[in-house]
Structures are given as structure tokens and as C-alpha cells.
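Scroll down for the structure; my scribbles are underneath it.
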Amino acid sequence: MIITLNNAPPHIRSAMKFAVIQFPGSNCDQDCVAAINGLEGLHAEYVWHKETSLDDFDAIVLPGGFAYGDYLRCGAIARFSPIMRAVVSDAREGKLVLGTCNGFQVLCEAGLLPGALVRNRSLRFVCDMVTMRVEVDDSPFTHGCPKGSLLRMPVAHGEGCFFADPETLRDLNANRQVILRYADGDGRVVPEANPNGSIENIAGICNREGNVFGLMPHPDRASDARLGSADGAKIFRSIMQTIGSPRRGTTTSERVKQVA
């Protein structure tokens, strides 16, 4: 039997609802659903890319892997899917949106995040476990992660090199939008720790409002210690804390500002 919120047990019906967007060709959507559903108080459901509303969900996840049309440019076609109108609209209203790997690429293509993801500097596909340093500890996605702390998650991408022009890069740094940087085991941001050539070792950024976050590593593949790291679960739990901690009667965007 397929479990939906209508026939699920009460503890699931009362859980915070995460929409995991499915594009044709997605291959990490199941990882995201499994990781989120493995955390107490959270419930994830697939949402097909041709749907047009996300009103029933508390947060949105664009998973990694692939999306149709990536042969043109990663995320360039997926951003035109009907569901993306709802993603953009909800993001502008302040709903939390997380994009991992290909989801990060889609968010950049859709204009929800600045910059672009281009071919890895090595021109090779990279599949490895990486270390990231937390640069902003009070974002809606990094509660419980002190500034300077290290997170370990896997990467698997061919176009994960983050690029931005000098003006955009200055704005990202000035507005504390660079959330994560690739670092070595001692927390040093050095070229040797950069798996793809991203400018300034940038691994993850948010929009100026702070409610849209994209990163190339996969938190969904690092949410269980049996996978080698449970650091990814910290991001999902932070989203839950951001949504759940505000006072009653506030809007979503006001809630994000209160917690951040």
C-alpha cells in the first residue's frame, strides 16, 4: 500500500511536510525521501514536475542526480517545468527551499540563486566524500552547526564548479550568503580541498533573503551514520527548527527572519 497523508498514522499526518520534486531522470529523489522520512517529525512526499501547486507543503527539496534536458545545460530545461512556477512563487513568499547537486543547478537556472554551475575544472566526473566548513551558523539551514565546524558529505557531479562574476561574488560575501566552503580536515580553505574548482571553494550559497539554499554535496546521502556520515541530517533538522520554532500568527518569511 502506498502511504499518503490521508491514510498515514497520526504521527505522520502531524509531521512537517517536505515536497521532493521529481523531474524525468531524477535519481536522488528516493535518497531525499528516505533521508527525510528517517528523521522524527518530518515527512516527505514526491511531487511530479508537472504539478502546479505546493500549498500543502512546509518546505521544498529539489534533489540531486539528473533532470531532463541536462544535455543542454544542467537545469536549463527543468527550470521550465510547471512545478517551478510554484517553487519560485513559494520561495518569494518565504518558504524554505533546498536544492542539492542538480537541484542547486536548477535553482541557479531559475534565478532563485545567483551565479552558475559549470564543468568541473578537471573536466571529469567527481565522486568522493568531501569536507565543508560552516561559514554562517545562524542561517535557516545551519542551526546547530557552529561557525567553523566541519561537515562531511559525498559529492557526485560533472558540473559542480560554482562561478560568479566579481560583483556577484562581492555581494555574496558581503551579505553572508556563502554558507559552506570546501575545506581540508583541519578546516583550512585550500585548493587541495576543492573537488571541482569552485571559485573561493564555495560549496553552498543562499539567496539574500536566506530562505533558498543550494549546495553541491548530498546531505541526503549523509543522513545516517551507516553511510559514513550523519552530518547531512543537521541540515534537514535545521529546516525543521526554522519552521517549527516561530511564534504563532507570523508569515513564513517573518518566521525565517526570526530564526535567522
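The values are calculated or read from the model by the stated rules, or taken from the named source; none is laboratory data. Computed from a prediction, not measured in an experiment: that's the story for all the values here. When we count neighbours, we look across all protein chains shown, and the Cβ atoms used for this are built from the backbone with ideal geometry, even at glycine. The area values use the complete protein model at the heavy-atom level, side chains included, leaving out ligands, DNA and RNA. Shrake-Rupley method; radii C 1.70, N 1.55, O 1.52, S 1.80 Å.
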Considering residues that are surrounded by fewer than 21 Cβ atoms within 10 Å (Cβ to Cβ) and part of a helix (DSSP H, G or I), the number found within region 92-103 is 1
With respect to Gly228, is the statement that it is open to solvent by 20 Å² or more (accessible area, probe 1.4 Å), on the phi > 0 side of the Ramachandran plot and either over 18 Å from the mean Cα position of the chain (by Cα) or of a type in the set (Asp, Glu) (or both) true? yes
Considering only region 104-128, state which residues are open to solvent by 20 Å² or more (accessible area, probe 1.4 Å), within 17 Å of the chain's Cα centre (by Cα) and either of a type in the set (Phe, Trp, Tyr) or more than 24 Å from Pro166 (Cβ to Cβ) (or both). none
Can you tell me which residue within region 245-260, out of those that are in a helix (DSSP H, G or I) and open to solvent by 50 Å² or more (accessible area, probe 1.4 Å), is modelled with the lowest pLDDT? Arg255
In region 172-209, how many are part of a helix (DSSP H, G or I), under 20 Å from the mean Cα position of the chain (by Cα) and not β-branched (Val, Ile, Thr)? 4
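Does Arg152 satisfy the condition of being among the charged types (D, E, K, R) and either in contact with a helix residue (DSSP H, G or I) (Cβ under 7 Å, 6 or more places away or on another chain) or in a loop (DSSP other than H, G, I, E, B) (or both)? Give the derivation first.
Values: among the charged types (D, E, K, R): yes; either in contact with a helix residue (DSSP H, G or I) (Cβ under 7 Å, 6 or more places away or on another chain) or in a loop (DSSP other than H, G, I, E, B) (or both): yes.
For Arg152, the condition - among the charged types (D, E, K, R) and either in contact with a helix residue (DSSP H, G or I) (Cβ under 7 Å, 6 or more places away or on another chain) or in a loop (DSSP other than H, G, I, E, B) (or both) - is met.
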